[in-house]
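The values are calculated or read from the model by the stated rules, or taken from the named source; none is laboratory data. From a predicted model like this one, the values you see are computed outputs, not experimental measurements. Because the Cβ atoms are built from the backbone with ideal geometry, glycine has one as well, and the counts that use them run over all protein chains shown.
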Amino acid sequence: MSAIDEIICSAREAGASDVHLAAGIPPKMRVGGALFSMNCSRLTPADLLDILIGIMPEPFRDKLEERGEYTFSFTLPQGGRCRANAYKQKDSVALAIRLIDAEILLPEEMGIPEPVAQLYQRESGLVLVAGPSGSGRSTTLSSLINKINDSREALIITLEQPIEYLHPVKRSMVNQREIGLEGTGFGDAIYGAVRADADVILVGQLCDPESVIAAITAAQMGHLVLAGVNATSAVDAIEDLLDMLPSDRQERMGTRLAQALEAVVFQQLCPTPDGNGREATFDLLLAEEKVRDHIRAQRFSALYDMVQHLF
């Protein structure tokens, strides 16, 4: 077993969500939101380079050199599937590794509240899953895709950077594309999924004007678009999307967003009552007619009273 495989296996046994590697210190793992040193030797720059070469394909290493950081996924023989962010720091590289569960759970198995879980039944429109980094957005999105895959025949195309969960063959056809490796960007890839006759399109993150416009367009054309958004509340997710657009397009796209939107889910991880871990809490904003009217008029403050708090 390789050194990184041993580190990841030990972290999984301890119930960790993340592992952090940097030169000059032992590996650290995050358990229940807190960071702990692992019972391992200090890592040298050479150790980290060996680990990086072992898990990161050469084309991605070229991107790391160009950008100074790069996010990718990998699978270990014993440690399973992981997502990693490699970044340069000082005279070495560092790695932040998220441990991905091998099995994709259904929403009811994850304890996702019923009103959120039922969103998988929508056949068209835009469903946003928002939250800060590390809040579990990708897990929730994958769970909803898994529920669709489990319940009906559909063509599902996922657009991710990187691909995290690998969806098994069930009732649907699930084709997974890695943005940056197999496409030029989320916006072009969304239009490609429309041309490919997808029933459901998963967008890992709406992060630029092109992806926002493409997602709204696809939803208005009758596709179900499930998309991640980095935001601090359900209402902020809507505002942030429009803020990405040029000012002269915000009013028109606000009207189109109001027409396309089905729901916004906001989730975050909060300490459990006993203080021994974290659990997900959810807010849900359903796009009822009053919500659509407020979005068209950009009365965003009025939306806060229409958010459902689910636990």
query = Take the residues of segment 191-217 that are part of a loop (DSSP other than H, G, I, E, B), more than 18 Å from the chain's Cα centre (by Cα) and among the charged types (D, E, K, R): which is surrounded by the most Cβ atoms within 10 Å (Cβ to Cβ)?
reply = Asp199
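Against the condition modelled with pLDDT of 95 or more, at positive phi and surrounded by fewer than 18 Cβ atoms within 10 Å (Cβ to Cβ), how does Gly80 come out, does it pass?
Values: modelled with pLDDT of 95 or more: yes; at positive phi: yes; surrounded by fewer than 18 Cβ atoms within 10 Å (Cβ to Cβ): yes.
Taking the combined requirement at face value, the residue satisfies it.
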Residues located in segment 168-190, provided they are touching a residue at least 12 places away in the same chain (Cβ under 8 Å) and either acidic (Asp, Glu) or part of a helix (DSSP H, G or I) (or both) = Glu178, Phe186, Gly187, Asp188, Ala189, Ile190
note = Taking segment 32-73 and keeping residues free of Cβ contacts under 8 Å to residues at least 24 places away in the same chain, among the hydrophobic types (A, V, I, L, M, F, W, C) and surrounded by fewer than 19 Cβ atoms within 10 Å (Cβ to Cβ) leaves Ala34, Leu35, Phe36, Ala46, Ile53
remark   = Among (1) within 17 Å of Ala227 (Cβ to Cβ); (2) of a type outside the set (Phe, Trp, Tyr); (3) surrounded by fewer than 18 Cβ atoms within 10 Å (Cβ to Cβ), Val174 falls short only on (3)
task = Return only the number of the condition from (1) within 20 Å of Pro132 (Cα to Cα); (2) without any contact (Cβ under 8 Å) to a residue 60 or more places away in the chain that Arg278 does not satisfy.
result = (2)
inquiry  = If the requirement is being out of contact with any strand residue (DSSP E or B) (no Cβ under 7 Å at 6 or more places or on another chain) and touching a residue at least 12 places away in the same chain (Cβ under 8 Å), which of these qualifies: Ala258, Ala231?
reply    = Ala258
note = Residues in segment 236-259 that are buried (at least 23 other Cβ atoms within 10 Å of the Cβ) and either over 24 Å from Ile163 (Cα atoms) or over 19 Å from the mean Cα position of the chain (by Cα) (or both) total 2
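Residue by residue through segment 218-235, note down the ones that are within 18 Å of Leu202 (Cβ to Cβ) and buried (at least 16 other Cβ atoms within 10 Å of the Cβ). Outline the logic, then answer.
As a first pass, look at segment 218-235 and keep what is within 18 Å of Leu202 (Cβ to Cβ): 218-231.
Of everything in segment 218-235, those that are within 18 Å of Leu202 (Cβ to Cβ) and buried (at least 16 other Cβ atoms within 10 Å of the Cβ) turn out to be Ala218, Ala219, Gln220, His223, Leu224, Val225, Leu226, Ala227, Gly228, Val229, Asn230, Ala231.
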